[in-house]
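Asks: One structure, pasted below without further comment.
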Amino acid sequence: MQDLDVSTITDAVIEQMATTPDPRLKEIMEAAVRHLHAFAREVNLTPDEWLKGIAFLTAVGQACTPYRQEFILLSDVIGLSRLVNVMHDTKGREAAGTETSLLGPFFREGAPKIEPGESLARMAQGPEIVIFGRVTDAQGKGVPHAVMDVWQTDAEGLYDLQAHDPSEMDMRGQLRCDAEGRFHFRTVRPLGYSIPMDGPVGELVRRQNRHGYRPAHIHILVAAPGFRDLVTALYFADDEHVDSDTVFGVSKSLVISPRTDLPDAPVPGIPSIRYDFTLSRDTDGAGGRVGSDPSKLMPAG
Ligand code: BEZ
Ligand code: FE
């Protein structure tokens, strides 16, 4: 007969789950139960607060659509996505490898192909910049024909999905590096933006007195056979939120400033960013993409 109290309930649950055949599921669920129970004890969670928490998580689920993943947003604003990213990085990134950043919810497969020197901006207007550099391995050898997906907001801080008819892609493109791993493209300088604030996560962020902004950035995903996918982003140093990103995506090594004095800039006269991306070998076969296309997380139908 079970007669459980505050100190014995945790072991009783873990004991009942002890025959879980999948060892990783067993490990994860045991730790989740231990930590959740410890959390409830620490804050002395009341039934009313527990119900509010359930209502909040229910609202987070209900806010999800094929174009919006409110649970990932929740994970982002509490720093969990960053933590998982950094742990994944620590495990498989070579010491010289470029640091990763969050994929975010605005990546789209099938972006328009961009030739060297072309612009990502098809419709968007604004101050132009050039981005150029090389994709190399950890020894500095160019990775031939690496494929780069680039996506960003426009000069108003909007992704194409938010700015106009989502079927028309803009401010995103896919380019192929040359045989030495070199690339260059033009774009419009992006503006920082607020995370979606019209759902339960936004309400939480507001109640915490946080601004809800991400600093201006350009997302880049680099892929080449034999290497882990590099999901990263470049952050503009002069953005007022570069030190207080709501989703904790910024790393010092990813902060950049456009310059007009770079001797090897391919388009002189336009502010340019030189950034070399270093890929890590895919030793564990994991491919390494951190993050997800939100539409793939929704149940079919
Ligand atoms: C983004 O950078 O696109 C992003 C990342 C996390 C939450 C919201 C937006
Ligand atoms: Fe973004």
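The values are calculated or read from the model by the stated rules, or taken from the named source; none is laboratory data. As the structure is a prediction and not an experimental result, all values here were calculated from the model. Counting neighbours? That spans all protein chains shown, and the Cβs are built from the backbone with ideal geometry, glycine included. Heads up: the accessible areas ignore ligands, DNA and RNA and are worked out on the full protein's heavy atoms, side chains in. Shrake-Rupley method; radii C 1.70, N 1.55, O 1.52, S 1.80 Å.
Asks: Tell me the volume per residue, in Å³, of the convex hull enclosing the alpha carbons of the chain.
Replies: 170
Asks: With Cβ to Cβ distances under 11 Å as the rule, what net charge do the other residues near Arg214 carry (K, R +1; D, E -1)? Mind showing how you got there, number by number?
Replies: Numbers: positive: none; negative: Asp76, Asp239, Asp245.
Counting the neighbours of Arg214, the net charge comes to -3.
Asks: Further, regarding this structure: With a probe of 1.4 Å, find how much accessible area the stretch 70-296 has per residue, and write the answer as a whole number in Å². Working shown, then result.
Replies: On the way: 10430 Å² over 227 residues.
Each residue of the stretch 70-296 exposes 46 Å² on average to a 1.4 Å probe.
Asks: Rounded to the nearest 0.05, what FRET efficiency do Asp165 and Asn44 give with R0 = 45 Å and r taken as the Cβ-Cβ distance? Could you check? Mind dumping the intermediate values first?
Replies: Details: r = 51 Å, r/R0 = 1.13.
Using R0 = 45 Å, I get an efficiency of 0.30.
Asks: When only DSSP loop residues count, what GluC sites (Glu not before Pro) in the stretch 146-218 have their Cβ near at most 12 other Cβ atoms within 10 Å?
Replies: On the way: sites: Glu156, Glu168, Glu180, Glu203; in loops: Glu156, Glu168, Glu180.
Sparse-neighbourhood loop GluC sites (Glu not before Pro): Glu168.
Asks: Assign one of three labels to the stretch 9-63, namely rounded, prolate or oblate, based on the Cα gyration tensor with a ≥ b ≥ c the square roots of its eigenvalues; rounded applies when a/c is under 1.5, prolate when it is not and a/b is larger than b/c, and oblate otherwise.
Replies: Details: a/c = 2.96, a/b = 1.51, b/c = 1.96.
Oblate, because a/c is 1.5 or more while a/b does not exceed b/c.
Asks: How many angstrom lie between the C-alpha centres of the stretch 162-189 and the stretch 51-84?
Replies: Rounded to whole Å, the Cα centres lie 29 Å apart.
Asks: With only Lys, Arg, Asp and Glu charged, each at its Cβ (+1 for the first two, -1 for the last two), find how big the charge dipole of the chain is about the Cα centre; round to the nearest 20 debye.
Replies: Details: 30 positive and 43 negative charges, 93 e Å.
Taking the Cα centre of the chain as origin, the dipole is about 440 debye.
Asks: I need to check one value: relative contact order of the chain, counting alpha carbon pairs closer than 8 Å and at least 6 residues apart, in percent. Kindly include the intermediate steps, with their values, before the conclusion.
Replies: Numbers: 535 pairs, mean separation 66.5, N = 301.
Normalised by residue count, the contact order of the chain is 22 percent.
Asks: Further question: Determine the shape class of the stretch 1-140: with a ≥ b ≥ c the square roots of the Cα gyration tensor eigenvalues, call it rounded for a/c under 1.5, and otherwise prolate if a/b is greater than b/c, oblate otherwise. Could the numbers behind the result be given before it?
Replies: Details: a/c = 3.25, a/b = 1.98, b/c = 1.64.
The shape class here is prolate.
Asks: Right, next: Would you work out which of Pro105, Ala59, Val267 lies farthest towards the positive end of the dipole of the chain, given +1 charges on the beta-carbon of Lys and Arg and -1 on that of Asp and Glu, about the Cα centre?
Replies: Positive-most Cα among the choices belongs to Val267.
Asks: If you don't mind, there's one more thing I want to ask. Extension gain Met197-Ala31, at 0.36 nm per residue separation less the Cα-Cα distance, in nm?
Replies: Values: separation 166, 0.36 × 166 = 59.76 nm, distance 3.17 nm.
Gain on stretching Met197 to Ala31: 56.6 nm.
Asks: Quick one: if you stick a label point 7 Å off each Cα along the C-beta vector at Gln139 and Ile78, how many nm between them?
Replies: Simple spin-label model gives 4.5 nm for this pair.
Asks: Next up: Over the stretch 70-296, what percent of the accessible surface lies on carbon and sulfur atoms, probe 1.4 Å? If you can, show how the numbers build up before the last one.
Replies: Details: 5460 of 10430 Å².
Summing carbon and sulfur atoms, their accessible area is 52 percent of the total for the stretch 70-296.
Asks: Separate question: Given springs between every Cα pair under 10 Å in a Gaussian network model of the chain, which of Ala38, Ala124, Ala55 has the largest fluctuation?
Replies: Ala38
Asks: Another question, if that's okay. By its C-alpha gyration tensor, with a ≥ b ≥ c as the square roots of the eigenvalues, how is the stretch 87-222 shaped: rounded for a/c under 1.5, else prolate for a/b larger than b/c, else oblate?
Replies: Working: a/c = 2.34, a/b = 1.33, b/c = 1.76.
Oblate is the answer for the stretch 87-222, as a/c is 1.5 or above yet b/c matches or exceeds a/b.
Asks: Set Lys and Arg Cβ to +1 and Asp and Glu Cβ to -1, take the dipole of the chain about its Cα centre, and tell me which of His217, Thr283, Leu204 lies farthest positive.
Replies: Positive-most Cα among the choices belongs to Thr283.
Asks: For Thr153, what is the net charge nearby, where nearby means another residue's Cβ is under 11 Å from its Cβ and Lys, Arg count +1, Asp, Glu -1?
Replies: Details: positive: Arg172, Arg189, Arg214; negative: Asp154, Glu156, Asp160, Asp170.
Summing Lys/Arg as +1 and Asp/Glu as -1 gives -1.
Asks: Filter the DSSP H helices in the chain by two things, a Kyte-Doolittle mean of at least -0.5 and an axial alpha-carbon span of 27 angstrom or more, and list the hits by number. Could the numbers behind the result be given before it?
Replies: Numbers: long enough: 23-43 (30 Å, -0.17).
Long hydrophobic helices here: 23-43.
Asks: Step through the residues of the stretch 146-159 one at a time and calculate ³J(HN,Hα) from phi using the Karplus curve (6.51 cos²θ - 1.76 cosθ + 1.60, θ = phi - 60°), rounding each to whole Hz and writing x for Gly and Pro.
Replies: Per-residue couplings from phi come out as 4, 9, 10, 9, 10, 8, 6, 7, 8, 6, 9, x, 10, 6 Hz.
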